[in-house]
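The values are calculated or read from the model by the stated rules, or taken from the named source; none is laboratory data. No experiment lies behind these values; they were computed from the predicted model shown. Cβ coordinates were reconstructed from backbone atoms using ideal geometry, including for glycine residues, and neighbour counts include every protein chain displayed. All accessible areas refer to the heavy atoms of the entire protein, side chains included, with ligands and DNA or RNA removed. Shrake-Rupley method; radii C 1.70, N 1.55, O 1.52, S 1.80 Å.
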Amino acid sequence: MMIKILPLLAAVLTSFHAYAGLSVAEFENKNKTLSTNTYLLGLSSGLNASNNQLSAINQVPLFCYPPYLNLTVNNYREIIVLGIKDIPPNSPTKPTIDEVLLKQLMKLYPCGYN
């Protein structure tokens, strides 16, 4: 049984590692693929869960959506594209898509605290 699980576990870990951090170049090359959509859904869910947890423990949330706003994958993609345009071309560090999305959510949906 253990021998059958090892290849599956290796495949899962390899695929997870492949998307451990999506670079701007990878996002631009794979922008419309199903794997990118899946990555963006997971990323946005994780950011939203973290944000909700901060609120639940009476900490300042990172961003605050307007009431009844329900963003789609396409909305997140547009937000990321806006963030990529803000990156200076001569920037020595290249942020990941994760960092770009978080920074843009904080910029577009401030809470009044940050």
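Please verify whether Val81 is out of contact with any Gly (no Cβ under 9 Å at 6 or more places or on another chain) and under 16 Å from Ser23 (Cα atoms), treating the condition exactly as stated. Before the answer, list the steps.
Working: out of contact with any Gly (no Cβ under 9 Å at 6 or more places or on another chain): yes; under 16 Å from Ser23 (Cα atoms): yes.
When the stated conditions are applied, Val81 passes them.
With the structure loaded, tell me whether Leu71 is open to solvent by less than 60 Å² (accessible area, probe 1.4 Å) and of a type in the set (A, V, I, L, M) or whether it fails that test. Give the steps one after another, and end with the answer.
Numbers: open to solvent by less than 60 Å² (accessible area, probe 1.4 Å): yes; of a type in the set (A, V, I, L, M): yes.
It is true that Leu71 is open to solvent by less than 60 Å² (accessible area, probe 1.4 Å) and of a type in the set (A, V, I, L, M).
Six or more apart or on different chains, Cβ under 8 Å: which pairs go from a residue in the stretch 20-44 that's free of Cβ contacts under 8 Å to residues at least 24 places away in the same chain to one that's polar (S, T, N, Q)? Could you list them?
Listed by first residue and then by second, the contacts come to Lys30/Thr36.
For the stretch 84-91, does any single residue satisfy the condition of being assigned to a helix (DSSP H, G or I), surrounded by 14 or more Cβ atoms within 10 Å (Cβ to Cβ) and either of a type in the set (A, V, I, L, M, F, W, C) or modelled with pLDDT of 95 or more (or both)?
Yes, the stretch 84-91 has at least one match.
Just name the residue that is most open to solvent (accessible area, probe 1.4 Å) out of those in the stretch 48-68 that are touching a helix residue (DSSP H, G or I) at 6+ places or on another chain (Cβ under 6 Å) and either of a type in the set (A, V, I, L, M, F, W, C) or closer than 24 Å to Ala25 by Cβ (or both). First the steps, then the outcome.
Kept after step one, since they are touching a helix residue (DSSP H, G or I) at 6+ places or on another chain (Cβ under 6 Å), are these residues of the stretch 48-68: 61-63.
From what is left, the residues that are either of a type in the set (A, V, I, L, M, F, W, C) or closer than 24 Å to Ala25 by Cβ (or both) are 62-63.
Numbers: Leu62: 57, Phe63: 3 Å².
Only one residue tops the list, namely Leu62.
Which pairs turn up if I take residues in the stretch 46-73 that are more than 18 Å from Gly112 (Cα to Cα) and look for partners that are of a type in the set (S, T, N, Q) with beta carbon separation below 6 Å, at least 6 apart in sequence or on another chain?
Val73/Asn37
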